[in-house]
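Take a look at the structure below.
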Amino acid sequence: MLKIAKSKLNDLYAKINESMGLFIPVKVAGEVDYRVWSEGKEVSLETLKTVKSPKSMFFPQTENLMKFVKEGKNIEIIDVREDFDQRKPFVLFGVKACDYKAIEVLDKVFLADPVDTYYQDRREKTTIITTACSKPEDTCFCSVFGIDATNPLGDVTTYLDNDYLYWQANTEKGENLTNLVKDLFENGGEEKVAEIKENAKKVLDCLPFKNLDLSKFKPENLNELFNSDKWQELSEACLACGTCTFVCPTCQCFDIRDFKTNKGVVRFRCWDSCMYSDFTQMSHGNNRTTQTQRFRQRFMHKLCYYPSQNGGLYSCVGCGRCVNKCPQNLNIVKVIKALGDK
């Protein structure tokens, strides 16, 4: 175990940025979100929940996939990945346990055959530093999904108190990064880290959603859950704004479009939402014609479809962002309580 005084963290960020680049929670317009670090930015590792999760590091909200240039009857396809293939490796700093687990959920989607090489390229170039939770909030319920907020794993795990950041390398990537910055650290911190974990667990044991019951959400109950008459009531207030999907760290829906420029055609993809009426719409229309159907699809995927196809791994990590952000107070907690009632 290593430690560094919090007063020296800017030196640590600068050292990492010299050779690898750094993506870290930064205060922007009164909110905290992940940004590329540069000197003078106000970092906030203590923030429990960034506005959006760090998934955009691997799965950007918008990205160009390729370009097409036409000359006469010849069409040249340009692979725009060269732009980021030449980018130096990145460190993703400050990831909480829920968001780290969410990356595992995304990996099973984008790294499954056929592999999404855009996602894979970024994933392979990134070293992930997690930060354990010391003060969980009332809207957190990661423990329901078997996540230990005090042991978030990653290539490096860090812990914070009022005076120090404590650092533990877990993987080869983590060891390599540690070797780059170890001159800034001193040894020690095991007892303090044990205290931080113990105090956080006391808070976790008191959270209001810690006893959510997932036992009903099993493959053998799929038809019963799908046909429940509770979906209508649950979805009545939904505005179809998509906020829940855009702040969710595990949502992976996207759309792909082509647009014409004065130099040819660019194909891009961007995040999409299953809550939108035109999501996956085809020439014959949309196979989910009501907001109730779309609402049901979102939560059945999180709690039933995805885990049945991925060894019981849920597509929710209990981060609570949807609880915080939904303007109508609709969220997965209400769904679990309503449908999980035996």
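The values are calculated or read from the model by the stated rules, or taken from the named source; none is laboratory data. In this text, all values refer to a predicted model and were calculated from it rather than measured experimentally. Glycine gets a Cβ as well: all are built from the backbone with ideal geometry, and neighbour counts include every protein chain shown.
Here Thr171 meets the list (1) closer than 26 Å to Lys6 by Cα; (2) touching a Ser or Thr at 6+ places or on another chain (Cβ under 7 Å) almost entirely, failing just condition (2). Restrict the check to segment 22-37 and report whether at least one residue is closer than 16 Å to Pro89 by Cα, in contact with a strand residue (DSSP E or B) (Cβ under 9 Å, 6 or more places away or on another chain), exposed (fewer than 14 other Cβ atoms within 10 Å of the Cβ) and in the same structural domain as Leu180 (by TED's automatic domain parsing). Looking for residues that are closer than 16 Å to Pro89 by Cα, in contact with a strand residue (DSSP E or B) (Cβ under 9 Å, 6 or more places away or on another chain), exposed (fewer than 14 other Cβ atoms within 10 Å of the Cβ) and in the same structural domain as Leu180 (by TED's automatic domain parsing), one finds at least one in segment 22-37, hence yes. Mind checking whether some residue in segment 207-221 is closer than 17 Å to Lys3 by Cα and either more than 25 Å from the chain's Cα centre (by Cα) or surrounded by 13 or more Cβ atoms within 10 Å (Cβ to Cβ) (or both)? No, segment 207-221 has no match at all.
If a residue counts only when it is in contact with a strand residue (DSSP E or B) (Cβ under 9 Å, 6 or more places away or on another chain), which helices (runs of 4 or more DSSP H) contained entirely in segment 131-244 have at least 2 such residues? Qualifying helices (runs of 4 or more DSSP H): 172-181, 190-204. When Glu76, Glu71 are screened for being in contact with a strand residue (DSSP E or B) (Cβ under 6 Å, 6 or more places away or on another chain), exposed (fewer than 13 other Cβ atoms within 10 Å of the Cβ) and more than 19 Å from Asp155 (Cβ to Cβ), only Glu76 passes. Total residues in segment 143-177 satisfying the condition of being over 24 Å from the mean Cα position of the chain (by Cα) and surrounded by 15 or more Cβ atoms within 10 Å (Cβ to Cβ): the figure is 2. Of the residues making up segment 182-201, just one is in contact with an Asp or Glu (Cβ under 9 Å, 6 or more places away or on another chain) and within 16 Å of Asp11 (Cβ to Cβ), namely Leu184.
Kindly list the number of the only condition in (1) under 20 Å from Val317 (Cβ atoms); (2) surrounded by 15 or more Cβ atoms within 10 Å (Cβ to Cβ); (3) touching a residue at least 60 places away in the same chain (Cβ under 8 Å) that fails for Gln61. For Gln61, the exception is condition (2).
Does Ser308 satisfy the criteria of being touching a His at 6+ places or on another chain (Cβ under 8 Å) and not assigned by TED's automatic domain parsing to the domain that holds Phe145? For Ser308, the condition - touching a His at 6+ places or on another chain (Cβ under 8 Å) and not assigned by TED's automatic domain parsing to the domain that holds Phe145 - is not met. Note on segment 107-124: among residues that are buried (at least 18 other Cβ atoms within 10 Å of the Cβ) and out of contact with any helix residue (DSSP H, G or I) (no Cβ under 6 Å at 6 or more places or on another chain), the one that is farthest from Met66 (Cα to Cα) is Arg123.
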